[in-house]
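A short write-up of the structure that comes next.
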Amino acid sequence: MVEAHGLVKRFGDFVAVDGVDFSIARGESFGFLGPNGAGKTSTMRMISCISPLSGGTLRVLGMDPLKDGARIRARMGLVPQEDSLDLELTVLDNLMIYGRYFDMPKKVIRERAEQLLDFAQLTERANDRVDPLSGGMKRRLTIARALISDPDLLILDEPTTGLDPQARHLLWDRLYRLKQDGVTLVITTHYMDEAEQLCDRLVVMDKGRFAAEGTPRQLIEAYATKEVVELRFAPGEHEDVAPSLVALAERQEVLPDRILLYTDDGDAALAEVARMGHVARSTLVRRSTLEDVFLRLTGRTLVD
Amino acid sequence: MTAVSGAGAPGGTTLFRHGEDVTARRMATPMWLRAARYWGYQYKRTWRSSVVTSFLIPVLYLAAMGVALGSLIDKHSHGVDGVTYVAYLAPGLLAGTCMQIGTNDATYPVMGAIKWMRTYLAQLAAPLGVYDVLLGHLAWIAARLAIVVSIYLAVMAAFGIVYSPWALVALPAGVLTGVAFAAPVAAFAATQDKDSAFSTLYRFAIIPMFLFSGTFFPVSQLPEWLQVVAYATPLYHGVTLCRDLTLGQVGWADVGHAAYLCALVAVGYAAARRTFARRLVV
Ligand SMILES: Nc1ncnc2c1ncn2[C@@H]1O[C@H](COP(=O)(O)OP(=O)(O)O)[C@@H](O)[C@H]1O
Ligand SMILES: [Mg+2]
């Protein structure tokens with residue numbers, strides 16, 4: 001569905017996307033995981049033929065974004081990072097208007113809008129103005145709107161950023177359903193749990209480049225251990241304690257607020273820490289996540 | 001988690017019928033017209049709030065100044081340029097109103113469509129291109145001008161101050177006047193990040209033009225150096241064109257006025273293509 005080679009986006013002298021390669025297959029759910037400024041939005045805007053590439057080659061749905069931008073966009077749905085809903089109009093009007101951009105007959109839009117409102121759990125709000133809706137509702141409406149033309153490819157740029165946990169879970173459920181229905185999804189996110197839940201395959205993106213690529217499981221296996229021990233000590237104690245813990249784990253990360261020990265047996269490591277006489281303020285043994293992968297690859301956390 | 005909920009029937013849903021293109025139609029609507037259609041749709045829902053500024057105020061002006069002040073002027077100096085003051089003033093107000101609508105609709109709505117509502121961005125995420133977005137918006141502004149001018153001309157006819165069938169041509173002339181402002185102003189608006197420049201535009205260009213470009217009194221009343229400035233303003237040409245048409249005093253000079261306004265539309269549109277592309281295609 002999407003084929004990119006050496007894709008570059010420059011803004012003046014600044015290189016936002018620095019020669020990346022990827023290919024996304026039909027029916028796949030493909031993620032771009034990276035912190036703010038990684039170049040995710042720039043990449044999405046190139047895929048959706050809104051932003052011209054500065055270098056490399058790109059094919060979307062078998063077509064050339066430069067020449068066939070309108071035809072490509074006619075077959076894809078875009079959920080931009082920032083909502084672009086018409087706040088003064090009603091929920092239903094927003095869907096009607098959007099369908100009309102695709103030149104769909106009003107009757108067809110109305111039928112489809114009804115299904116999509118149900119899908120987005122907005123049926124009761126159909127005739128309400130958009131402005132007072134909650135962030136989660138607006139986001140669901142934006143997704144419904146992007147689906148109005150029954151696109152072959154749905155692009156979601158940070159679908160749940162800024163939403164409360166409950167709204168996020170509701171959205172994940174909806175997106176999961178799209179995935180089950182075989183819609184090809186391209187998702188950007190800086191939430192590792194979102195990437196783990198929704199993406200069949202993902203790239204870890206940082207500073208315009210890909211640091212790694214694979215399924216969430218593959219990435220965790222390749223770049224992290226099975227378990228992680230998180231230790232929090234009193235402020236200032238980290239530097240003193242950290243060196244003595246190096247031998248306990250395959251790898252260690254010292255963050256401002258905690259020390260992470262990467263090991264395949266967290267409980268054993270934790271017992272060892274206690275035996276050495278260190279008293280942590282709090283401890284946690286957990287499975288490794290994509291966050292750990294990111295930390296390993298870039299030395300930084302995903303969300304600062 | 002289950003794949004089926006909401007509209008879905010067990011084992012699948014009717015939401016996604018891959019392969020069948022619901023957007024396919026035999027006669028495709030031009031992209032720019034789809035953009036214009038949006039503005040029309042939006043206007044249909046919100047037109048009430050614009051009635052006062054775009055229509056009621058000029059009619060009040062006409063009543064207060066044309067009729068009340070006009071009777072005084074007519075008594076003392078037998079009208080202006082050989083016609084009653086209200087007949088002189090009305091086409092001037094018509095052109096002035098078109099200028100204001102053209103400017104208004106190309107300032108805040110353009111900036112809003114870029115920054116606040118992001119309407120253009122929504123259109124660009126659909127199959128529309130940046131020139132479609134621009135042309136569609138200007139086409140809508142022209143359509144809205146046509147609505148206002150038609151009503152205005154009907155009111156003038158009711159006042160009994162339409163003297164010639166040429167007045168029908170005042171409809172396109174009024175629209176032309178408005179678009180001659182809308183196109184360059186839209187080009188300017190697309191370069192702005194804050195709306196503060198718009199009030200400067202009003203204060204130093206639009207309002208002085210409204211007052212001194214022959215709307216209320218002949219430009220020949222101005223000191224000579226100001227006359228030169230007034231003759232150069234686009235509104236002067238719009239006012240004179242509309243006035244000649246409703247008074248039925250059409251001459252070759254009006255072709256010149258129309259050509260001036262057309263040139264302004266062309267230059268403004270070319271500039272707007274550049275500024276829109278620079279702003280929206282990054
Ligand atoms: N229009 C633009 N002009 C200049 N710089 C930009 C523009 N858009 C994005 N950037 C820069 O490019 C980098 C990548 O941005 P973006 O693609 O939005 O990242 P992400 O979506 O991963 O947060 C950022 O440093 C951002 O400041
Ligand atoms: Mg982004």
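Values as computed for the structure displayed
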| read-out | value |
| --- | --- |
| Paramagnetic reach from A:Gln180 in region A:74-118 [backbone N under 19 Å; point 7 Å along Cα→Cβ] | A:115-118 |
| Cβ neighbours within 10 Å from other chains - mean over A:101-111 | 5 |
| Separation of alpha-carbon centers, region B:61-136 and region A:13-59, rounded to whole Å | 44 |
| Nonlocal amide H pairs with A:Ser288, under 5 Å, H built at 1.01 Å | A:Glu227, A:Val228 |
| ³J(HN,Hα) computed for each position of region B:183-191 - Karplus, 6.51 cos²θ - 1.76 cosθ + 1.60, integer Hz, glycine/proline x | 5, x, 5, 4, 4, 5, 4, 5, 9 |
| Extended-chain gain in nm, criterion 0.36 nm per residue less alpha-carbon gap, A:Ser23 and A:Asp257 | 80.4 nm |
| Helix axis angle, B:130-159 relative to chain B longest principal axis, alpha carbon, degrees | 40 |
| Region A:183-220 and region A:239-304: distance between their alpha carbon centers, rounded to Å | 23 |
| Inter-chain shielding of A:86-98 (mean C-beta neighbours from other protein chains, 10 Å cut-off) | 3 |
| Structure-based [θ]222 nm, chain B - -39500 (n - 2.57) summed over DSSP H runs of at least 4, per residue, nearest 500 | -20500 deg cm²/dmol |
| Förster radius 56 Å - calculated FRET efficiency between A:Arg209 and B:Trp47, Cβ distance, rounded to 0.05 | 0.65 |
| Projected area averaged over orientations for the protein assembly as shown, convex hull of C-alpha atoms, nm² | 34.0 |
| Distance in nm between pseudo-label sites at A:Gln81 and A:Arg10 (7 Å out along the Cβ direction from Cα) | 2.1 |
| Pairwise FRET efficiency - B:Leu56 versus A:Asn36, Cβ, R0 = 35 Å, nearest 0.05 | 0.10 |
| Residue-normalised accessible area of the protein assembly as shown, expressed per residue, 1.4 Å probe, Å² | 43 |
| Violating pairs (Cα-Cα greater than 24 angstrom) within the set A:Lys40/B:Lys115; A:Lys9/A:Lys67; A:Lys107/B:Lys44; B:Lys44/B:Lys194; A:Lys40/A:Lys179 | B:Lys44/B:Lys194 |
| In sequence order, calculated HN-Hα J values of region A:263-270 (Karplus, 6.51, -1.76, 1.60; Hz; x Gly/Pro) | 7, 7, 10, x, 4, 4, 4, 5 |
| Within chain B: Cβ-based charge dipole about Cα centre, in debye rounded to nearest 20 (Lys, Arg +1; Asp, Glu -1) | 980 |
| Helix-derived mean residue ellipticity, 222 nm - over chain A, DSSP H n ≥ 4, -39500 (n - 2.57), to 500 | -11000 deg cm²/dmol |
| Solvent-accessible area, 1.4 Å probe, carbon plus sulfur percent, for chain B | 68 |
| Fraction of accessible area attributable to carbon and sulfur, region A:2-220 (%, probe 1.4 Å) | 48 |
| Integer Hz, Karplus 6.51/-1.76/1.60 couplings in order for region A:98-111, x for Gly and Pro | 5, x, 5, 4, 8, 6, 6, x, 4, 5, 5, 4, 4, 4 |
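The values are calculated or read from the model by the stated rules, or taken from the named source; none is laboratory data. The shown structure was predicted, so the numbers you read here are calculated from the model rather than taken from an experiment. Backbone-built Cβ (ideal geometry, glycine too); neighbour counts: all protein chains shown. All accessible areas refer to the heavy atoms of the entire protein, side chains included, with ligands and DNA or RNA removed. Shrake-Rupley method; radii C 1.70, N 1.55, O 1.52, S 1.80 Å.
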